1. If you take just the strands (runs of 3 or more DSSP E) that sit entirely in the stretch A:271-339, which of them hold at least 1 residues that are within 13 Å of chain B (Cβ to nearest Cβ)?
2. Can A:Gly348 be described as at pLDDT 90 or above, buried (at least 17 other Cβ atoms within 10 Å of the Cβ) and on the phi > 0 side of the Ramachandran plot?
3. From the set of residues in the stretch B:30-51 that are charged (D, E, K, R) and within 20 Å of A:Tyr321 (Cβ to Cβ), which is nearest to the other protein chains (Cβ to nearest Cβ)?
4. For a quick check of your reading of the model, give me the residue pairs whose first member lies in the stretch A:44-56 and is within 11 Å of chain B (Cβ to nearest Cβ) and in contact (Cβ under 8 Å) with a residue 12 or more places away in the chain, whose second is in a helix (DSSP H, G or I) and away from ligand 2 (no atom under 16 Å from the Cβ), with beta-carbon atoms closer than 7 Å and at least 6 apart or on different chains.
5. Please verify whether B:Val54 is touching a Cys at 6+ places or on another chain (Cβ under 9 Å), among the aliphatic types (A, V, I, L, M), more than 8 Å from every other protein chain (Cβ to nearest Cβ) and open to solvent by less than 10 Å² (accessible area, probe 1.4 Å), treating the condition exactly as stated.
6. Which of the numbered conditions does B:Glu7 fail, given that it passes all the others? Conditions: (1) away from ligand 1 (no atom under 16 Å from the Cβ); (2) closer than 27 Å to A:Val329 by Cβ; (3) touching a residue at least 40 places away in the same chain (Cβ under 8 Å); (4) open to solvent by less than 70 Å² (accessible area, probe 1.4 Å).
7. Can you confirm whether A:Gly215 is in contact (Cβ under 8 Å) with a residue 12 or more places away in the chain and either in a loop (DSSP other than H, G, I, E, B) or buried (at least 24 other Cβ atoms within 10 Å of the Cβ) (or both)?
8. Across the stretch A:350-369, what is the total count of residues that are in a strand (DSSP E or B) and either in contact (Cβ under 8 Å) with a residue 40 or more places away in the chain or away from chain B (no Cβ under 14 Å) (or both)?
Amino acid sequence: MTSPGSILIVGASAAGLSTAEALRRHGYQGRLTFLDAEPHLPYDRPPLSKQLLSGAWEPPRVQLRGQAQLDALHAEFVLGEPAVALDPAERAVTTVSGRVLRGDVVVIATGLTPLRLPGQDHLEGVHVLRALDDALALRHALSAGTRLVVVGEGVLGAEIAATARTLNLEVTLAGMGGTLLNDQLGQVIGAMLAEKHAERGVRLRLGVAIEELTGAAGRVTGVRPASGEFLPADMVVVAIGSRPATGWLEGSGLPLGDGVECDSRCRAAEGVYAVGDVASFQHEGLGRRLRLENRTNATEQAQVVAANILGADRPYTPIPYFWTDQYDVKIQAHGLPSAAAKVTIADGDVAQGRFTALYQEGGQVTAVLGWNMPKQARLLRQQVLGAWQDTPRLATA
Amino acid sequence: MKITVDEAKCCGAGQCVLIAPEVFDQRDDDGIVVLLQPEPDEAQHAAVREAAAVCPAAAIDLSEHP
Ligand SMILES: Cc1cc2nc3c(=O)[nH]c(=O)nc-3n(C[C@H](O)[C@H](O)[C@H](O)COP(=O)(O)OP(=O)(O)OC[C@H]3O[C@@H](n4cnc5c(N)ncnc54)[C@H](O)[C@@H]3O)c2cc1C
Ligand code: SF4
(Lines give C-alpha, C1' and ligand atoms only; values in the text may rest on other atoms or scores of the structure.)
(Ligands and ions follow the chains in the order given, each with its own letter.)
Protein backbone atom coordinates (compact mmCIF):
# COMPACT_ATOMS: atom_id res chain seq x y z
CA MET A 1 0.00 0.00 0.00
CA THR A 2 1.22 3.47 -0.77
CA SER A 3 1.24 6.10 1.92
CA PRO A 4 -1.91 8.27 1.85
CA GLY A 5 -1.57 11.87 0.70
CA SER A 6 -3.87 13.35 3.31
CA ILE A 7 -5.24 12.24 6.66
CA LEU A 8 -8.22 13.77 8.46
CA ILE A 9 -8.53 13.11 12.20
CA VAL A 10 -11.90 13.82 13.80
CA GLY A 11 -11.33 14.43 17.51
CA ALA A 12 -8.18 16.30 18.57
CA SER A 13 -7.63 14.74 21.97
CA ALA A 14 -5.40 12.03 23.42
CA ALA A 15 -6.13 9.38 20.79
CA GLY A 16 -6.25 11.67 17.77
CA LEU A 17 -3.12 13.57 18.72
CA SER A 18 -1.15 10.38 19.46
CA THR A 19 -2.15 8.97 16.09
CA ALA A 20 -0.85 12.08 14.34
CA GLU A 21 2.41 12.04 16.27
CA ALA A 22 2.98 8.37 15.53
CA LEU A 23 2.28 8.96 11.84
CA ARG A 24 4.91 11.70 11.69
CA ARG A 25 7.38 9.65 13.72
CA HIS A 26 7.08 6.88 11.17
CA GLY A 27 7.80 9.19 8.29
CA TYR A 28 4.37 10.26 7.07
CA GLN A 29 4.84 13.53 5.17
CA GLY A 30 1.39 14.20 3.74
CA ARG A 31 -1.28 16.58 4.97
CA LEU A 32 -2.71 16.23 8.46
CA THR A 33 -5.93 17.93 9.49
CA PHE A 34 -7.67 17.83 12.88
CA LEU A 35 -11.33 18.61 13.34
CA ASP A 36 -12.75 19.04 16.84
CA ALA A 37 -16.02 20.25 18.30
CA GLU A 38 -14.25 21.97 21.18
CA PRO A 39 -12.41 25.26 20.79
CA HIS A 40 -9.29 24.07 22.67
CA LEU A 41 -5.97 22.68 21.49
CA PRO A 42 -5.43 19.08 22.68
CA TYR A 43 -5.59 18.72 26.45
CA ASP A 44 -5.60 15.84 28.88
CA ARG A 45 -8.73 14.64 30.67
CA PRO A 46 -7.59 12.57 33.71
CA PRO A 47 -6.48 15.70 35.63
CA LEU A 48 -9.92 17.28 35.09
CA SER A 49 -11.44 15.35 38.00
CA LYS A 50 -8.25 15.54 40.07
CA GLN A 51 -5.65 18.35 39.93
CA LEU A 52 -7.70 20.75 37.81
CA LEU A 53 -10.91 20.32 39.79
CA SER A 54 -9.09 20.77 43.10
CA GLY A 55 -7.44 23.96 41.87
CA ALA A 56 -3.92 22.53 42.19
CA TRP A 57 -3.46 22.98 38.41
CA GLU A 58 -4.60 25.72 36.08
CA PRO A 59 -5.71 24.99 32.48
CA PRO A 60 -2.29 25.51 30.79
CA ARG A 61 -0.99 22.57 32.82
CA VAL A 62 -3.43 20.14 31.18
CA GLN A 63 -2.36 21.00 27.64
CA LEU A 64 -1.02 17.80 26.10
CA ARG A 65 1.72 19.52 24.09
CA GLY A 66 3.41 22.89 23.95
CA GLN A 67 3.17 25.20 20.95
CA ALA A 68 6.60 24.17 19.62
CA GLN A 69 5.61 20.49 19.62
CA LEU A 70 2.33 21.25 17.90
CA ASP A 71 4.10 23.36 15.29
CA ALA A 72 6.47 20.48 14.61
CA LEU A 73 3.50 18.30 13.67
CA HIS A 74 2.72 20.50 10.66
CA ALA A 75 -0.98 19.90 11.10
CA GLU A 76 -3.98 22.11 10.54
CA PHE A 77 -6.43 22.43 13.45
CA VAL A 78 -10.07 23.15 12.64
CA LEU A 79 -11.51 23.76 16.11
CA GLY A 80 -14.89 24.61 17.57
CA GLU A 81 -16.62 22.88 14.69
CA PRO A 82 -18.44 19.57 15.27
CA ALA A 83 -18.57 16.96 12.53
CA VAL A 84 -22.15 16.06 11.66
CA ALA A 85 -21.76 13.44 8.92
CA LEU A 86 -19.28 11.08 7.28
CA ASP A 87 -19.39 9.63 3.79
CA PRO A 88 -17.04 6.64 4.10
CA ALA A 89 -16.81 5.99 0.37
CA GLU A 90 -15.66 9.56 -0.34
CA ARG A 91 -13.95 9.88 3.03
CA ALA A 92 -15.67 13.22 3.36
CA VAL A 93 -16.72 14.77 6.66
CA THR A 94 -19.36 17.48 6.82
CA THR A 95 -19.21 19.95 9.69
CA VAL A 96 -22.03 21.78 11.42
CA SER A 97 -21.38 24.91 9.34
CA GLY A 98 -21.68 22.92 6.10
CA ARG A 99 -17.97 22.77 5.40
CA VAL A 100 -16.74 19.53 3.82
CA LEU A 101 -13.30 18.16 4.74
CA ARG A 102 -11.76 15.20 2.93
CA GLY A 103 -8.86 12.85 3.57
CA ASP A 104 -7.46 9.81 1.81
CA VAL A 105 -7.79 8.33 5.28
CA VAL A 106 -10.25 9.37 8.00
CA VAL A 107 -9.54 8.60 11.65
CA ILE A 108 -12.50 8.65 14.04
CA ALA A 109 -11.39 9.70 17.55
CA THR A 110 -14.48 11.37 18.99
CA GLY A 111 -14.46 9.74 22.44
CA LEU A 112 -17.56 9.64 24.61
CA THR A 113 -20.66 11.63 25.43
CA PRO A 114 -21.80 11.59 29.07
CA LEU A 115 -25.24 10.19 29.84
CA ARG A 116 -27.74 12.55 31.44
CA LEU A 117 -30.74 12.22 33.72
CA PRO A 118 -34.13 13.16 32.33
CA GLY A 119 -34.81 16.86 32.84
CA GLN A 120 -31.29 17.83 33.89
CA ASP A 121 -30.72 20.17 30.97
CA HIS A 122 -33.50 22.45 32.20
CA LEU A 123 -32.00 22.86 35.66
CA GLU A 124 -29.15 25.12 36.62
CA GLY A 125 -26.58 23.65 38.99
CA VAL A 126 -26.50 20.21 37.38
CA HIS A 127 -23.14 19.24 35.91
CA VAL A 128 -21.47 16.53 33.88
CA LEU A 129 -17.68 16.17 33.60
CA ARG A 130 -16.06 15.29 30.33
CA ALA A 131 -14.47 18.41 28.90
CA LEU A 132 -12.26 21.22 30.18
CA ASP A 133 -15.15 23.68 30.13
CA ASP A 134 -17.24 21.26 32.21
CA ALA A 135 -14.43 21.01 34.74
CA LEU A 136 -14.00 24.78 35.01
CA ALA A 137 -17.76 25.26 35.45
CA LEU A 138 -17.87 22.59 38.15
CA ARG A 139 -14.81 24.02 39.89
CA HIS A 140 -16.48 27.41 39.99
CA ALA A 141 -19.66 25.88 41.39
CA LEU A 142 -17.72 24.00 44.08
CA SER A 143 -16.10 27.23 45.21
CA ALA A 144 -19.49 28.92 45.54
CA GLY A 145 -21.63 26.14 47.07
CA THR A 146 -21.51 23.92 50.12
CA ARG A 147 -23.59 20.80 49.44
CA LEU A 148 -22.74 18.50 46.55
CA VAL A 149 -24.54 15.35 45.49
CA VAL A 150 -22.67 13.12 43.05
CA VAL A 151 -24.89 10.68 41.17
CA GLY A 152 -22.90 7.69 39.99
CA GLU A 153 -20.64 5.40 42.04
CA GLY A 154 -18.22 4.57 39.24
CA VAL A 155 -14.66 5.77 38.92
CA LEU A 156 -15.53 9.28 37.76
CA GLY A 157 -18.17 9.86 40.45
CA ALA A 158 -15.85 8.55 43.16
CA GLU A 159 -12.97 10.77 42.01
CA ILE A 160 -15.19 13.85 41.96
CA ALA A 161 -16.50 13.05 45.43
CA ALA A 162 -12.94 12.64 46.73
CA THR A 163 -11.76 15.90 45.22
CA ALA A 164 -14.79 17.78 46.57
CA ARG A 165 -14.19 16.37 50.06
CA THR A 166 -10.60 17.57 50.03
CA LEU A 167 -12.11 21.02 49.27
CA ASN A 168 -14.21 20.57 52.41
CA LEU A 169 -17.61 20.41 50.81
CA GLU A 170 -20.47 18.36 52.19
CA VAL A 171 -20.55 15.46 49.77
CA THR A 172 -23.12 12.74 49.19
CA LEU A 173 -22.31 10.01 46.69
CA ALA A 174 -25.34 8.08 45.46
CA GLY A 175 -25.59 5.29 42.94
CA MET A 176 -27.18 2.04 41.92
CA GLY A 177 -24.20 -0.24 42.58
CA GLY A 178 -23.92 -2.09 45.86
CA THR A 179 -20.47 -0.64 46.43
CA LEU A 180 -18.10 1.86 44.81
CA LEU A 181 -16.66 0.92 41.42
CA ASN A 182 -18.38 -2.45 41.65
CA ASP A 183 -18.59 -2.82 37.86
CA GLN A 184 -14.96 -1.85 37.37
CA LEU A 185 -13.21 -3.50 40.32
CA GLY A 186 -15.71 -5.78 42.07
CA GLN A 187 -17.00 -6.08 45.60
CA VAL A 188 -13.77 -6.62 47.59
CA ILE A 189 -11.84 -3.59 46.36
CA GLY A 190 -15.04 -1.55 45.99
CA ALA A 191 -15.86 -2.04 49.66
CA MET A 192 -12.36 -0.90 50.64
CA LEU A 193 -12.83 2.24 48.58
CA ALA A 194 -16.27 2.84 50.07
CA GLU A 195 -14.71 2.59 53.54
CA LYS A 196 -12.09 5.15 52.54
CA HIS A 197 -14.76 7.58 51.37
CA ALA A 198 -16.85 7.06 54.52
CA GLU A 199 -13.74 7.65 56.66
CA ARG A 200 -13.16 10.91 54.84
CA GLY A 201 -16.70 12.05 55.54
CA VAL A 202 -18.55 11.29 52.30
CA ARG A 203 -22.18 10.28 52.86
CA LEU A 204 -22.73 7.14 50.80
CA ARG A 205 -26.14 6.15 49.46
CA LEU A 206 -25.45 2.95 47.54
CA GLY A 207 -27.77 0.47 45.89
CA VAL A 208 -30.35 3.14 45.20
CA ALA A 209 -31.75 4.18 41.84
CA ILE A 210 -31.87 7.92 41.26
CA GLU A 211 -35.28 8.67 39.89
CA GLU A 212 -35.55 12.37 40.05
CA LEU A 213 -33.76 15.66 40.30
CA THR A 214 -35.75 18.26 42.16
CA GLY A 215 -35.64 21.95 41.36
CA ALA A 216 -37.16 25.29 42.19
CA ALA A 217 -37.16 28.37 39.97
CA GLY A 218 -35.01 26.60 37.39
CA ARG A 219 -32.26 25.60 39.87
CA VAL A 220 -31.56 22.18 41.25
CA THR A 221 -32.46 21.70 44.92
CA GLY A 222 -31.57 18.06 45.36
CA VAL A 223 -31.94 14.46 44.35
CA ARG A 224 -34.65 12.01 45.24
CA PRO A 225 -33.60 8.34 45.10
CA ALA A 226 -36.16 5.58 44.70
CA SER A 227 -35.79 4.93 48.44
CA GLY A 228 -37.78 8.12 48.97
CA GLU A 229 -35.14 9.90 51.04
CA PHE A 230 -34.47 13.46 49.88
CA LEU A 231 -30.83 14.47 49.36
CA PRO A 232 -30.58 18.26 49.32
CA ALA A 233 -27.90 19.89 47.15
CA ASP A 234 -26.64 23.23 45.88
CA MET A 235 -25.15 21.39 42.94
CA VAL A 236 -25.35 17.93 41.48
CA VAL A 237 -22.86 16.08 39.30
CA VAL A 238 -24.30 13.37 37.09
CA ALA A 239 -21.62 10.73 36.45
CA ILE A 240 -23.74 7.76 35.41
CA GLY A 241 -21.60 6.66 32.51
CA SER A 242 -21.13 7.58 28.88
CA ARG A 243 -21.88 6.44 25.38
CA PRO A 244 -19.50 6.43 22.42
CA ALA A 245 -19.82 9.74 20.53
CA THR A 246 -21.13 8.22 17.31
CA GLY A 247 -24.27 10.31 16.79
CA TRP A 248 -22.60 12.08 13.87
CA LEU A 249 -21.96 8.71 12.17
CA GLU A 250 -25.57 7.60 12.03
CA GLY A 251 -26.50 7.15 8.40
CA SER A 252 -22.85 6.69 7.38
CA GLY A 253 -23.31 2.95 6.97
CA LEU A 254 -20.38 2.25 9.29
CA PRO A 255 -21.00 -0.63 11.72
CA LEU A 256 -22.06 1.05 14.96
CA GLY A 257 -22.75 -1.09 17.99
CA ASP A 258 -21.13 -0.29 21.28
CA GLY A 259 -18.92 2.25 19.50
CA VAL A 260 -17.48 2.13 15.99
CA GLU A 261 -17.04 -1.56 15.31
CA CYS A 262 -13.61 -2.18 13.86
CA ASP A 263 -11.66 -5.27 12.91
CA SER A 264 -8.56 -6.34 14.82
CA ARG A 265 -6.59 -3.71 12.82
CA CYS A 266 -8.84 -0.94 14.18
CA ARG A 267 -10.27 -0.42 10.71
CA ALA A 268 -14.00 0.30 10.30
CA ALA A 269 -14.06 0.52 6.49
CA GLU A 270 -11.57 0.94 3.66
CA GLY A 271 -9.54 4.00 4.64
CA VAL A 272 -11.54 4.61 7.82
CA TYR A 273 -10.09 3.85 11.27
CA ALA A 274 -11.28 4.42 14.82
CA VAL A 275 -9.15 4.96 17.91
CA GLY A 276 -9.59 5.63 21.63
CA ASP A 277 -12.74 5.51 23.74
CA VAL A 278 -15.04 5.46 20.69
CA ALA A 279 -13.45 2.39 19.06
CA SER A 280 -14.61 -1.18 19.54
CA PHE A 281 -12.07 -3.64 18.17
CA GLN A 282 -11.61 -7.37 17.84
CA HIS A 283 -8.93 -8.44 20.37
CA GLU A 284 -7.15 -11.45 18.85
CA GLY A 285 -5.48 -12.42 22.13
CA LEU A 286 -8.84 -12.66 23.90
CA GLY A 287 -10.87 -13.76 20.90
CA ARG A 288 -13.60 -11.20 21.45
CA ARG A 289 -14.62 -7.61 20.94
CA LEU A 290 -13.43 -4.98 23.37
CA ARG A 291 -13.90 -1.25 23.81
CA LEU A 292 -11.74 0.46 26.40
CA GLU A 293 -12.35 3.78 28.11
CA ASN A 294 -8.96 4.64 29.48
CA ARG A 295 -6.12 6.96 28.85
CA THR A 296 -3.43 4.39 28.13
CA ASN A 297 -5.56 2.75 25.50
CA ALA A 298 -5.86 6.07 23.66
CA THR A 299 -2.11 6.34 23.14
CA GLU A 300 -1.37 2.64 22.68
CA GLN A 301 -4.10 2.08 20.14
CA ALA A 302 -2.94 5.19 18.31
CA GLN A 303 0.45 3.55 17.72
CA VAL A 304 -1.18 0.58 16.03
CA VAL A 305 -3.64 2.68 14.01
CA ALA A 306 -0.81 4.87 12.71
CA ALA A 307 1.25 1.81 11.75
CA ASN A 308 -1.71 0.22 9.96
CA ILE A 309 -2.54 3.41 8.07
CA LEU A 310 1.02 3.27 6.78
CA GLY A 311 0.57 -0.35 5.68
CA ALA A 312 1.67 -2.47 8.65
CA ASP A 313 -1.32 -4.86 9.05
CA ARG A 314 -0.86 -5.19 12.82
CA PRO A 315 -3.48 -6.50 15.25
CA TYR A 316 -4.15 -4.50 18.40
CA THR A 317 -3.90 -6.83 21.42
CA PRO A 318 -3.38 -4.65 24.50
CA ILE A 319 -3.32 -5.57 28.15
CA PRO A 320 -5.84 -2.97 29.36
CA TYR A 321 -4.62 -0.59 32.04
CA PHE A 322 -6.20 2.18 34.04
CA TRP A 323 -5.47 4.10 37.18
CA THR A 324 -7.49 6.18 39.58
CA ASP A 325 -6.40 8.53 42.36
CA GLN A 326 -8.70 9.11 45.33
CA TYR A 327 -7.39 10.85 48.48
CA ASP A 328 -4.07 9.16 49.26
CA VAL A 329 -4.99 6.00 47.34
CA LYS A 330 -3.52 5.32 43.93
CA ILE A 331 -5.06 2.32 42.25
CA GLN A 332 -3.59 0.73 39.15
CA ALA A 333 -5.41 -2.06 37.34
CA HIS A 334 -3.89 -4.18 34.59
CA GLY A 335 -5.99 -6.66 32.63
CA LEU A 336 -9.74 -7.07 32.84
CA PRO A 337 -10.89 -6.90 36.47
CA SER A 338 -14.55 -7.76 36.86
CA ALA A 339 -17.17 -8.15 39.54
CA ALA A 340 -17.32 -11.88 38.78
CA ALA A 341 -13.66 -12.57 39.59
CA LYS A 342 -12.27 -14.01 42.80
CA VAL A 343 -9.87 -11.54 44.41
CA THR A 344 -6.85 -12.57 46.47
CA ILE A 345 -4.16 -10.40 48.01
CA ALA A 346 -0.79 -11.19 46.43
CA ASP A 347 1.63 -8.96 48.27
CA GLY A 348 1.72 -6.18 50.85
CA ASP A 349 -0.76 -5.48 53.61
CA VAL A 350 -4.33 -4.24 53.36
CA ALA A 351 -4.20 -2.73 56.86
CA GLN A 352 -1.12 -0.71 55.86
CA GLY A 353 -2.86 0.57 52.74
CA ARG A 354 -0.30 -0.94 50.35
CA PHE A 355 -0.95 -4.17 48.50
CA THR A 356 -1.34 -5.94 45.19
CA ALA A 357 -4.25 -8.22 44.35
CA LEU A 358 -4.95 -10.86 41.72
CA TYR A 359 -8.30 -11.32 39.97
CA GLN A 360 -9.05 -14.89 38.89
CA GLU A 361 -11.84 -16.39 36.81
CA GLY A 362 -12.03 -20.04 35.91
CA GLY A 363 -8.54 -20.63 37.30
CA GLN A 364 -7.03 -17.93 35.05
CA VAL A 365 -5.56 -14.67 36.27
CA THR A 366 -7.54 -11.98 34.49
CA ALA A 367 -6.24 -8.87 36.22
CA VAL A 368 -3.68 -7.47 38.61
CA LEU A 369 -4.40 -4.55 40.89
CA GLY A 370 -2.07 -2.31 42.84
CA TRP A 371 -3.27 -0.27 45.82
CA ASN A 372 -0.47 2.23 46.39
CA MET A 373 1.96 -0.29 44.87
CA PRO A 374 2.25 0.75 41.22
CA LYS A 375 5.65 -0.70 40.45
CA GLN A 376 4.92 -4.06 42.07
CA ALA A 377 1.62 -4.28 40.18
CA ARG A 378 3.41 -3.71 36.90
CA LEU A 379 5.99 -6.40 37.67
CA LEU A 380 3.21 -8.82 38.54
CA ARG A 381 1.37 -7.97 35.33
CA GLN A 382 4.33 -9.13 33.30
CA GLN A 383 4.41 -12.47 35.08
CA VAL A 384 0.75 -13.29 34.82
CA LEU A 385 -0.71 -11.46 31.86
CA GLY A 386 2.10 -11.32 29.31
CA ALA A 387 0.58 -13.97 27.04
CA TRP A 388 -2.21 -11.65 25.94
CA GLN A 389 0.00 -9.26 24.19
CA ASP A 390 1.54 -10.48 21.00
CA THR A 391 1.80 -7.11 19.29
CA PRO A 392 5.43 -6.43 18.55
CA ARG A 393 6.56 -3.05 19.78
CA LEU A 394 6.78 -0.45 17.04
CA ALA A 395 10.25 0.59 18.02
CA THR A 396 11.62 -2.87 17.44
CA ALA A 397 9.31 -4.04 14.65
CA MET B 1 18.74 13.53 22.68
CA LYS B 2 17.96 14.91 26.12
CA ILE B 3 15.08 13.62 28.27
CA THR B 4 13.25 15.46 31.01
CA VAL B 5 10.45 14.01 33.11
CA ASP B 6 7.77 15.84 35.07
CA GLU B 7 7.37 13.88 38.29
CA ALA B 8 4.26 15.82 39.27
CA LYS B 9 2.47 14.69 36.11
CA CYS B 10 3.68 11.08 36.17
CA CYS B 11 0.91 8.72 37.29
CA GLY B 12 3.18 5.74 37.76
CA ALA B 13 1.82 3.78 34.83
CA GLY B 14 5.19 2.29 34.01
CA GLN B 15 4.55 2.21 30.27
CA CYS B 16 7.93 3.86 29.77
CA VAL B 17 9.68 1.10 31.73
CA LEU B 18 7.99 -1.58 29.65
CA ILE B 19 9.24 0.02 26.44
CA ALA B 20 12.69 1.32 27.42
CA PRO B 21 13.83 -0.45 30.61
CA GLU B 22 17.41 0.71 30.19
CA VAL B 23 16.38 4.33 30.26
CA PHE B 24 13.43 4.45 32.69
CA ASP B 25 12.64 2.84 36.02
CA GLN B 26 10.06 3.47 38.73
CA ARG B 27 10.53 4.27 42.40
CA ASP B 28 9.67 1.30 44.61
CA ASP B 29 7.49 3.23 47.03
CA ASP B 30 5.22 5.32 44.81
CA GLY B 31 5.94 4.16 41.26
CA ILE B 32 7.03 7.59 40.02
CA VAL B 33 9.38 7.52 37.04
CA VAL B 34 13.16 7.45 37.59
CA LEU B 35 15.34 8.56 34.73
CA LEU B 36 18.30 6.19 34.43
CA GLN B 37 19.81 7.82 31.34
CA PRO B 38 18.91 11.46 30.71
CA GLU B 39 21.00 11.40 27.52
CA PRO B 40 20.56 7.88 26.17
CA ASP B 41 22.66 6.23 23.47
CA GLU B 42 21.59 6.34 19.88
CA ALA B 43 20.46 2.71 20.10
CA GLN B 44 17.77 3.70 22.61
CA HIS B 45 16.35 6.65 20.72
CA ALA B 46 13.53 4.87 18.91
CA ALA B 47 12.33 3.20 22.11
CA VAL B 48 12.54 6.47 24.04
CA ARG B 49 10.47 8.27 21.41
CA GLU B 50 7.85 5.58 21.66
CA ALA B 51 7.87 5.75 25.46
CA ALA B 52 7.34 9.51 25.34
CA ALA B 53 4.49 9.03 22.87
CA VAL B 54 2.79 6.33 24.90
CA CYS B 55 3.17 7.89 28.36
CA PRO B 56 -0.45 8.43 29.43
CA ALA B 57 0.41 11.46 31.52
CA ALA B 58 2.44 13.34 28.89
CA ALA B 59 5.17 13.44 31.50
CA ILE B 60 8.17 12.70 29.27
CA ASP B 61 9.66 15.52 27.25
CA LEU B 62 12.39 15.08 24.64
CA SER B 63 14.66 17.61 23.10
CA GLU B 64 16.20 16.13 20.03
CA HIS B 65 18.93 18.73 19.55
CA PRO B 66 22.38 17.45 20.43
C1 LIG C 1 -12.72 13.61 34.11
C2 LIG C 1 -12.04 12.41 33.53
C3 LIG C 1 -11.09 11.72 34.29
C4 LIG C 1 -10.44 10.59 33.76
N5 LIG C 1 -9.50 9.94 34.52
C6 LIG C 1 -8.88 8.86 34.02
C7 LIG C 1 -7.89 8.17 34.79
O8 LIG C 1 -7.60 8.52 35.95
N9 LIG C 1 -7.27 7.10 34.23
C10 LIG C 1 -7.55 6.69 32.96
O11 LIG C 1 -6.97 5.71 32.50
N12 LIG C 1 -8.47 7.32 32.20
C13 LIG C 1 -9.14 8.40 32.70
N14 LIG C 1 -10.08 9.06 31.94
C15 LIG C 1 -10.36 8.56 30.58
C16 LIG C 1 -9.45 9.18 29.53
O17 LIG C 1 -9.37 10.56 29.70
C18 LIG C 1 -10.00 8.84 28.16
O19 LIG C 1 -9.87 7.45 28.01
C20 LIG C 1 -9.27 9.54 27.03
O21 LIG C 1 -9.44 10.92 27.11
C22 LIG C 1 -9.76 9.02 25.69
O23 LIG C 1 -9.21 9.77 24.65
P24 LIG C 1 -9.96 9.93 23.27
O25 LIG C 1 -9.06 10.81 22.47
O26 LIG C 1 -10.37 8.62 22.77
O27 LIG C 1 -11.33 10.69 23.60
P28 LIG C 1 -11.58 12.13 24.18
O29 LIG C 1 -10.45 12.53 25.05
O30 LIG C 1 -12.94 12.13 24.75
O31 LIG C 1 -11.57 13.08 22.91
C32 LIG C 1 -12.58 13.08 21.95
C33 LIG C 1 -12.54 14.40 21.20
O34 LIG C 1 -13.48 14.34 20.13
C35 LIG C 1 -14.18 15.55 20.06
N36 LIG C 1 -15.48 15.28 19.42
C37 LIG C 1 -16.53 14.56 19.89
N38 LIG C 1 -17.54 14.55 18.99
C39 LIG C 1 -17.12 15.28 17.94
C40 LIG C 1 -17.71 15.63 16.68
N41 LIG C 1 -18.93 15.23 16.33
N42 LIG C 1 -16.99 16.40 15.82
C43 LIG C 1 -15.73 16.82 16.15
N44 LIG C 1 -15.13 16.50 17.32
C45 LIG C 1 -15.81 15.75 18.20
C46 LIG C 1 -14.29 16.00 21.50
O47 LIG C 1 -14.51 17.40 21.56
C48 LIG C 1 -12.95 15.57 22.06
O49 LIG C 1 -11.98 16.59 21.96
C50 LIG C 1 -10.75 10.17 32.45
C51 LIG C 1 -11.71 10.87 31.68
C52 LIG C 1 -12.35 11.97 32.21
C53 LIG C 1 -13.38 12.72 31.38
S1 SF4 D 1 4.89 6.16 31.33
FE2 SF4 D 1 4.70 8.29 32.00
S3 SF4 D 1 3.27 8.23 33.68
FE4 SF4 D 1 4.00 6.16 33.36
S5 SF4 D 1 5.74 5.91 34.76
FE6 SF4 D 1 6.53 6.54 32.79
S7 SF4 D 1 6.63 8.76 32.96
FE8 SF4 D 1 5.30 8.10 34.59
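1. Working: elements: A:272-274, A:279-283, A:288-291, A:321-326, A:329-335.
Per the criteria, A:321-326, A:329-335.
2. On the way: at pLDDT 90 or above: yes; buried (at least 17 other Cβ atoms within 10 Å of the Cβ): yes; on the phi > 0 side of the Ramachandran plot: yes.
Considered against the rule, which asks whether it is at pLDDT 90 or above, buried (at least 17 other Cβ atoms within 10 Å of the Cβ) and on the phi > 0 side of the Ramachandran plot, A:Gly348 comes out as yes.
3. Going residue by residue through the stretch B:30-51, those that are charged (D, E, K, R) are B:30, B:39, B:41-42, B:49-50.
Of the ones still in play, those that are also within 20 Å of A:Tyr321 (Cβ to Cβ) are B:30, B:50.
Numbers: B:Asp30: 7, B:Glu50: 4 Å.
Result: B:Glu50.
4. Pairs found: A:Lys50/A:Glu159; A:Lys50/A:Thr163.
5. On the way: touching a Cys at 6+ places or on another chain (Cβ under 9 Å): yes; among the aliphatic types (A, V, I, L, M): yes; more than 8 Å from every other protein chain (Cβ to nearest Cβ): no; open to solvent by less than 10 Å² (accessible area, probe 1.4 Å): yes.
No; evaluated as a whole, the condition is false for this residue.
6. (4)
7. Numbers: in contact (Cβ under 8 Å) with a residue 12 or more places away in the chain: yes; either in a loop (DSSP other than H, G, I, E, B) or buried (at least 24 other Cβ atoms within 10 Å of the Cβ) (or both): no.
No: the conditions fail for A:Gly215.
8. Start the filter on the stretch A:350-369 by keeping residues that are in a strand (DSSP E or B), which leaves A:354-361, A:364-369.
With either in contact (Cβ under 8 Å) with a residue 40 or more places away in the chain or away from chain B (no Cβ under 14 Å) (or both) added as a condition, the list becomes A:357-361, A:364-367, A:369.
Summing the residues that are in a strand (DSSP E or B) and either in contact (Cβ under 8 Å) with a residue 40 or more places away in the chain or away from chain B (no Cβ under 14 Å) (or both) in the stretch A:350-369 gives 10.
The values are calculated or read from the model by the stated rules, or taken from the named source; none is laboratory data. Note that this is a predicted model, so its numbers are computed, not measured. Backbone-built Cβ (ideal geometry, glycine too); neighbour counts: all protein chains shown. Heads up: the accessible areas ignore ligands, DNA and RNA and are worked out on the full protein's heavy atoms, side chains in. Shrake-Rupley method; radii C 1.70, N 1.55, O 1.52, S 1.80 Å.
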